[in-house]
1. Filter the stretch 127-157 down to the residues that are buried (at least 18 other Cβ atoms within 10 Å of the Cβ) and in contact with a Lys or Arg (Cβ under 6 Å, 6 or more places away or on another chain) and list them by number.
2. Listed residues 110, 43, 93; which is part of a helix (DSSP H, G or I), basic (Lys, Arg), closer than 17 Å to residue 128 by Cα and touching a residue at least 24 places away in the same chain (Cβ under 8 Å)?
3. So, in the stretch 70-90, exactly how many residues are farther than 20 Å from residue 33 by Cα and either among the charged types (D, E, K, R) or part of a helix (DSSP H, G or I) (or both)?
4. Restricting to the stretch 31-82, count the residues that are out of contact with any Leu (no Cβ under 8 Å at 6 or more places or on another chain) and not small (Gly, Ala, Ser).
5. In the stretch 42-53, how many are among the hydrophobic types (A, V, I, L, M, F, W, C) and more than 19 Å from residue 98 (Cα to Cα)?
6. Report yes if some residue within the stretch 107-117 is crowded, with 16+ Cβ neighbours inside 10 Å and under 19 Å from residue 204 (Cβ atoms); otherwise report no.
7. Out of 69, 58, 44, 73, I need the residue that is in contact with a strand residue (DSSP E or B) (Cβ under 8 Å, 6 or more places away or on another chain) and more than 13 Å from residue 157 (Cα to Cα). Which one?
Amino acid sequence: MIVHPEVEQYLQNFAPLPTPVLQEMADEAARTNFPIVGPLVGRLLYLLIEFGHVHTILECGSGFGYSALWMALALPENGSITCIEYSQENIERAKTYFHKAGLLHKVTFRKGNALEIVPTLPGTYDLIMNDVEKSQYPQLLPLLIPRLRVGGLLVTDNVLWKGEAARDSRKGDAAMVHQYNQMLYREKSLFTTLIPLRDGLGLSIKIQK
């Protein structure tokens with residue numbers, strides 16, 4: 001844990017869920033040991049979407065839809081979220097939860113690898129959520145930037161990778177995350193900050209083409 005468990009629990013005690021479907025999803029994640037962003041990051045995503053008047057979202061690496069559902073809740077009725085996920089099983093589970101929450105009309109699922117799908121997408125998005133396999137982070141960033149509108153926000157999960165990204169001895173996925181973080185800060189079209197919430201969250205505003 002990046003944040004002390006007692007502090008994280010204290011923060012969660014203040015955070016009621018906007019729909020019981022999110023608790024169902026959290027219970028499934030705990031039961032199956034499936035990684036999700038959790039309610040604290042979920043509430044931050046909701047806040048960012050409301051504050052930024054976001055209408056279009058692209059999520060890369062959606063799992064079974066936990067973070068996507070948080071974001072869809074914040075979208076206006078005419079808003080939309082496109083979710084890229086490699087597993088058809090996860091997509092079907094996500095559809096079930098979106099249907100329960102009455103939000104299936106806001107989401108489109110694309111099955112496959114984000115590295116292959118993102119270059120084929122038309123137009124740009126107000127917000128992009130990046131949560132793919134960490135080994136793909138450095139490769140994916142140059143593909144995401146053209147898909148983000150100027151003034152739009154790129155959100156990246158796991159930028160501290162259990163704290164291992166901060167160690168000099170980093171290897172494997174931690175090394176890939178570290179390289180990605182360096183790329184975020186060096187990219188002149190982005191203004192980035194990393195915050196130590198949950199497993200680390202990157203926030204990058206696109207300031208120029």
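1. Scanning the stretch 127-157 gives 148, 152.
2. 43
3. Looking only at that region, the number is 5.
4. Residues that pass the stated criteria total 18.
5. Filtering the stretch 42-53 down to residues among the hydrophobic types (A, V, I, L, M, F, W, C) leaves 44-45, 47-49, 51.
If we keep only those that are more than 19 Å from residue 98 (Cα to Cα) as well, we get 44, 47-48, 51.
Within the stretch 42-53, residues that are among the hydrophobic types (A, V, I, L, M, F, W, C) and more than 19 Å from residue 98 (Cα to Cα) number 4.
6. So far as the stretch 107-117 goes, yes, one or more of its residues are crowded, with 16+ Cβ neighbours inside 10 Å and under 19 Å from residue 204 (Cβ atoms).
7. Numbers: 69 fails: in contact with a strand residue (DSSP E or B) (Cβ under 8 Å, 6 or more places away or on another chain); 44 fails: more than 13 Å from residue 157 (Cα to Cα); 73 fails: in contact with a strand residue (DSSP E or B) (Cβ under 8 Å, 6 or more places away or on another chain).
So the residue among 69, 58, 44, 73 that is in contact with a strand residue (DSSP E or B) (Cβ under 8 Å, 6 or more places away or on another chain) and more than 13 Å from residue 157 (Cα to Cα) is 58.
Let's see how each residue does on (1) among the hydrophobic types (A, V, I, L, M, F, W, C); (2) in contact with a Phe, Trp or Tyr (Cβ under 7 Å, 6 or more places away or on another chain):
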residue: 15; (1), (2): yes, no
residue: 19; (1), (2): no, no
residue: 32; (1), (2): no, no
residue: 36; (1), (2): yes, yes
residue: 39; (1), (2): no, no
residue: 54; (1), (2): yes, no
residue: 59; (1), (2): no, no
residue: 74; (1), (2): yes, yes
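Throughout, read-outs are computed from the coordinates displayed, never taken from laboratory work. Since this is a predicted model, take the numbers as computed values, not measurements. Note that each Cβ is placed from the backbone with ideal geometry, even for glycine, and that neighbours are counted across all protein chains shown.
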